[in-house]
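*Asks:* Handing you this structure, nothing more for now.
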Amino acid sequence: KNQVEQSPQSLIILEGKNCTLQCNYTVSPFSNLRWYKQDTGRGPVSLTIMTFSENTKSNGRYTATLDADTKQSSLHITASQLSDSASYICVVSPNYGGSQGNLIFGKGTKLSVKP
Amino acid sequence: DGGITQSPKYLFRKEGQNVTLSCEQNLNHDAMYWYRQDPGQGLRLIYYSQIVNDFQKGDIAEGYSVSREKKESFPLTVTSAQKNPTAFYLCASQRRREPNTEAFFGQGTRLTVV
């Protein structure tokens, strides 16, 4: 079964520190991998989207990496801010048959940034 | 402003009642989706629509119904047949249901059974 696994489940860091969130997936073949940020009680907002041929993509202090060989992705947050406190969701889009256009969601990593 | 609007933000339902969640978009997107989010779980697809007057069941369609009479609107009805409806519901849209198109989400409706 195609799955997207994220780790850690939750993370607490101090303001100004860096952190890295992990995503392992078994979806194959896939079209793209996305990272979303979801504030509590709000809808997810896109941070990055990478096709299978891309290795890295940045959006401000957020940098996503992708290793299609090992089926791993990471999201690195630099110089964290209190507003980074949210859940970060890894999403993979399959590229086969009738599943094209589907999105398979991880359970998310809940990040808390403390002052 | 362009975007997706869900209403209401909070909704309370009594046992045995049907309730309808609204989703409207002014992005001129063809594809629209309904997802359910439970604590500690990934989003799960309820229904999706690729074009007006057409929709398909997702992974957890039982107890739900939808309509797509207008391109801008994709309402979700949670029927009394849905045994555990308390959850956070998210509507999303894409220009088309294609792998590399951006998906935009509404702000969600939290449904609680009382």
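The values are calculated or read from the model by the stated rules, or taken from the named source; none is laboratory data. Bear in mind the structure is a predicted one, so any value in this text is a computation, not a measurement. For neighbour counting, all protein chains shown are included, and Cβ atoms are generated from backbone atoms with ideal geometry for every residue, glycine included.
*Asks:* Could you list all residues from the range A:30-86 that are within 14 Å of chain B (Cβ to nearest Cβ), exposed (fewer than 15 other Cβ atoms within 10 Å of the Cβ) and modelled with pLDDT of 95 or more?
*Replies:* Across the range A:30-86, the qualifying residues are A:39, A:45, A:59.
This table checks each residue for (1) β-branched (Val, Ile, Thr); (2) over 20 Å from residue A:108 (Cβ atoms).
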site: A:26; (1), (2): yes, no
site: A:34; (1), (2): no, no
site: A:57; (1), (2): no, no
site: A:62; (1), (2): no, no
site: A:67; (1), (2): no, yes
site: A:71; (1), (2): no, no
site: A:79; (1), (2): no, yes
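*Asks:* Continuing with the same structure: Do we find that residue A:5 is modelled with pLDDT of 95 or more, acidic (Asp, Glu) and under 14 Å from the mean Cα position of the chain (by Cα) in this structure?
*Replies:* Taking the combined requirement at face value, the residue satisfies it.
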